[in-house]
Every structure is written in structure tokens, then in C-alpha cells.
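What follows is a short report on a single structure.
The values are calculated or read from the model by the stated rules, or taken from the named source; none is laboratory data. For clarity, every value in this text was computed on a predicted model and none was experimentally measured. Cβ atoms come from the backbone with ideal geometry, glycine included; neighbour counts cover every protein chain shown.
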Amino acid sequence: MCGIVGYIGSKTDIKNALETLKKLEYRGYDSAGVAFVKRGKIQCFKRVGQINNLIETIGKKSAKICICHTRWATHGKATEENAHPIMSYNNNFSVVHNGIIENYKYLKAKIGAEKFSTSTDTEVICNLLEYLKGDTISRVIECESLLEGSYASLIIDKCNKYIYAIKNKSPMYIACGKKGTTIASDISCLNAEYFYNLPDHTVAKINKKEITFYSNGNIIDLPLCKNIHNFESNDLGQYKTYMQKEIAETNKTISNIVELYSSSNNYINENIFKGIKNVILTGCGTAYHACCLGANWIQKNLKIPASAYIASELRYSEPILDDSSLMVLVSQSGETADTLAAGELAKDKGCRIITITNVGYSTLANLADVCLPLCAGAEIAVASTKAYAAMLAVLYLLSHATSGFIKSLQNLKEICQKFNSDNISKDIVKKVINSKRVFFIGRLDDGVTASEGALKLKEIAYIDACGYFAGELKHGTIALIENDVVVIAIITNPNLKQKTLNAVEEVVSRGAEVIIITNDKSITGYTTIFIDTAIDEELNSLLSVYPLQKLACEVSLSLGFNPDKPRNLAKSVTVE
């Protein structure tokens, strides 16, 4: 959930490293810092808030070695004291860290609590390095062996000769260039043709020209990986925010999926479900909602029992898993910690594993038997939009793997022209802003879309919103319906139209303001957002979520918030 960049090589402006770090600001933005060595001492500069605050402070400072970090707090409030890099108690070491050290309290007691000055678990890494004996690489190797939890960390000492990296369950990549070596927690920061992907429990000792890798204290070789990252422009262009830009890129994303999955059967083919007796789909947040729809479609189209689980709950639910089970892991980043833990459980049980992700080199992609790309390109805004549509599109294709696959590709291609580009009216935005709370309702697939619509409004506009299946309203929630409450009803299934309208009438009679999102032009008498109709009713979920994403974005902007960087949230949740 934090961004890490390190550089070692020719003398360069610190600003250059921080500009690279800005590519990762969407992963954490409550504070930022940088450390480097000058005149035999580690200098550390940290600021609360965005990286630009730090850049203004740094000025024209330069160094041959630096480590920098943008933070999303897990342990300790967002203060300069708790910002990374963290210094050891004798100022001999400086550390940046992404992850959570689960045994930090034990190690802190072992070292001596009086030697700690921050509220972070990260401080135990640098203080442990100070506490241990031997040369730096010996200390780093022993330190890594003592840590429990998840960590991607860079370390410098005042000798200023090497950067040291340690890694477990959080991503870390290294690339050598002509002028120096870059280390980062995301491959988008590596402007090189090849890179190293550090495995778990690996230590790296890095200088300008050479990298030595260690596992269990022994020197090992690692293969170079081809960098196939799409270095597309992240410029905003005509848009004010990345979220607006990414919503508008939904049709392009679906087109990319159609093109890729039409060109090769290496991704989805009729053998993918061979011998499978049950399917479990799992993800977190938006990805979980995609899993709910995917489970509906797989069970309906393939007649195989399918269930969706919230990834953080799956391991504790004692699911029935064996070699006849298929686990589908859904994650935009491919690094979601809870989803990774579910995947590791599935692997231990002998399940077949499919990962659906936007990042083909990610930990979840490497875990899977089959990795299905989302083809969404860079998604910078924290709240997922075009990647959610991509998840639905890939799951839709997967649900037609054994029959009708070519037709399903044609259906996807057809809807690319059906995403409504009209802006959400100011009147609708005003109704939502002035509401006491907002309920989203629908039946079956529309009920899942209701939950996703509510999540988007909560994430970026901070409005009290909940999504419900319409039939559940009268079983408790209707007690909260009153004047100044807005109910947004999604109606795309003609067979369930009247059922949902019955619920609409129930809330109208209790004073609620109703907004309807529908493809049925015969529905009148309400404030309505009309969408187009897909050839296959399952794909209506892609079309109906589109205006809900736009609504959340417009409400956020109208309230003066930045929808790209919602408070307390980070793009990639790499800790449990």
C-alpha cells in the first residue's frame, strides 16, 4: 500500500527519484520521504501530504544513492515522525518499508523499547539492524530471517556503497540501466528492457554495476524477466481527474479484451473447466462484486456450482476445496494480500487456480495455473472503474468457455458503442448531495450492481450509502426510509422489473426521493437515467454500472474532493 523507489548509480538530482516515485503516489499519499548520504551521514527529509510537498523542500540536492517512499499509514498516524524513511537509533541505517511486520512487538521488546521513537512497525527493521552484529550484509540477512509478516524494504547505511533489499509477500523489482540501478515496488518505475523480480525471503545487495542475491544466507542466481509493461502515457489530456479519464476509457478496455481473447485460445478454452466440480471466486471490494456476478454467470451457463467469497473471510470459512475445485482469484493489482492468502490455501488443497488481473507479472499471476489479463492499462485513480468493467467482461467470457465463446466475444464487441457518454445532470447530483443517506437497490445482477454503486459513492464522496437486493428492503432496512433519503434503483431485467418497481413504490410512500437507472423506456414518473440494452442481458451489468461511476465522480467533485485520492484508501492493499 506504499510506494518505494531506490536509485544507485551516477550522481543525480534527488528530484528525479521523487518524480519517479510520483508514479506510485496513488498507492499511498499521506506522507513522503527520502534518505541519502552526505559527508558520512544519512540525511533524511520527510513531509506530511503529497510528494510535491517534499520536492519543494529538497531543492537541488543530489546523491549517488537514495531511497524514497510515499506512505499509506498502517501503524502510526500520518506525521513526519512516522513517515518513511525511518532512521535507526544510532542513525547508522535508514529503511523504507511496504507491508506489516507481524512480530514487531516481540522484536521491539528484544531490542529495548526505549530505543524506539515512532509508532511504526517499520522502525523495528532499522533498529534490529543496529542491534545485530557483523558487517551490513550479514546483519541484513539475519534481520530478514527474524522478520515475520509482509515486507518489501530498502536499506542504506552511512557507508554509502550499497542499497540492500529484502522481500516477502510484497512486490520488489530491480532493473539495471546505463547510468545506474533502480529498485521499485512497481514495475512502472523501471525504464528498462529487463528486470529482476525478487522472490519471497530474498536479500539483494545492490551497487551501480552488480547485484548479489541471497537466500538463506547463500548466494543464488535469479533469471532476468522481459519487461512487457505498457508504458502508455498517464497524462490527463482533456480530463480534470484520472477517474473521469478512466471511466471514459471503458469502451477501449472492452475492445482490448475482445482483441486479445479473439486472437488466442491460450487464455480461455473448453478445457479450462475439465474435471471441475465446483468453482469458488474470491476478491476484495470491487473485485468481490465482480466475483458475485461471475459466480451467477458460471453457475447459470456452465451448470457448475459456483460461489463468491470475500477473500479476507474465505480462509476462515472452511470452504470445500480439493483437486476438483477451481479457485478464481480476482485482483486489479495482483498483489492484494487477502486474495493472495486465499490463493495459497487453494494451492495447498490442490485446486486449479485462475487469476484475473491487470498486472501479468504480479504475485497472483505467478501463483496461477492460468492468468487472464484485464487489458485495462494503467488505472491511477484509487476507486476502480474501467478495471471493474474489465473484470466483468473477462468473467463473462470465462462463463462461456465451453460453449458460445465466439458469440460472447461478439456480444462484448457490440456493447463497446453503448456506454452512455452523457453527463449526469446537476439536478441528480444535487439530490444525492442533499440526501441524508443513499440506498441502492436491484434484483439478481442488478442487486450486485447496487452494491458496487454504493461502494463508489462511499469511497470518493464519503456519503453514507448502502447497496441492497430490493427484496430485502422490507426485512429491516425499510425502517430507515424517510424524507431526505435517496433510493437509486437499478432495473435492467424485464422479468424482475415489476418486483423492483414494487419496492420503489414502497420507499416513495415513505418519503424517499427515487432515481432509476434502466434500459426500459416505458418506466416513467421518476427521475431516470436511461442506458442502452445489451444483446445478452448479463452484459447489462457493464452498462448500468457506468452511470453509477460517473455519478459518484460528479458528486465527489461537486463536494470539492479529489476522487483520484480518497482519504484512508490506497490502490493496492498489500497487507491484511
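Some values worked out for this structure:
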{"read-out": "Cross-chain or 6+ apart pairs with Cβ under 6 Å, the range 52-67 first and closer than 23 Å to residue 183 by Cβ, then among the acidic types (Asp, Glu) and surrounded by 14 or more Cβ atoms within 10 Å (Cβ to Cβ)", "value": "62/13"}
{"read-out": "Filter result for residue 198 (surrounded by 12 or more Cβ atoms within 10 Å (Cβ to Cβ), over 18 Å from residue 9 (Cα atoms), among the aliphatic types (A, V, I, L, M) and within 23 Å of the chain's Cα centre (by Cα))", "value": "yes"}
{"read-out": "In the range 377-425, the residues that are of a type in the set (D, E, K, R) and either within 17 Å of residue 260 (Cα to Cα) or free of Cβ contacts under 8 Å to residues at least 40 places away in the same chain (or both)", "value": "386, 407, 413, 414, 422"}
{"read-out": "Selection count where residues are farther than 25 Å from residue 142 by Cα, of a type in the set (A, V, I, L, M) and surrounded by 19 or more Cβ atoms within 10 Å (Cβ to Cβ), scope the range 176-195", "value": "2"}
{"read-out": "Pairs with Cβ under 8 Å, 6+ apart, first in the range 305-327 and outside the structural domain of residue 356 (by TED's automatic domain parsing), second of a type outside the set (Gly, Ala, Ser) and modelled with pLDDT of 95 or more", "value": "none"}
{"read-out": "Check on residue 247, at pLDDT 95 or above, crowded, with 19+ Cβ neighbours inside 10 Å and part of a strand (DSSP E or B)", "value": "no"}
{"read-out": "Close pairs (8 angstrom Cβ cut-off, 6 or more residues apart or separate chains): over 22 Å from residue 204 (Cα atoms) in the range 3-22, of a type in the set (Phe, Trp, Tyr) and at pLDDT 90 or above anywhere", "value": "14/36; 16/7"}
{"read-out": "The range 288-330, subset among the hydroxyl-bearing types (Ser, Thr, Tyr) and at pLDDT 95 or above, residue farthest from residue 274 (Cα to Cα)", "value": "288"}
{"read-out": "Residue under evaluation residue 30, criteria (1) free of Cβ contacts under 8 Å to residues at least 60 places away in the same chain; (2) surrounded by fewer than 19 Cβ atoms within 10 Å (Cβ to Cβ); (3) charged (D, E, K, R), criterion not met", "value": "(2)"}
{"read-out": "Complete set of residues in the range 318-346 that are in contact with a Lys or Arg (Cβ under 8 Å, 6 or more places away or on another chain) and either among the basic types (Lys, Arg) or part of a strand (DSSP E or B) (or both)", "value": "325, 326, 327"}
{"read-out": "Of all residues in the range 351-404 being of a type in the set (Phe, Trp, Tyr) and modelled with pLDDT of 95 or more, the one that is nearest to residue 26 (Cα to Cα)", "value": "388"}
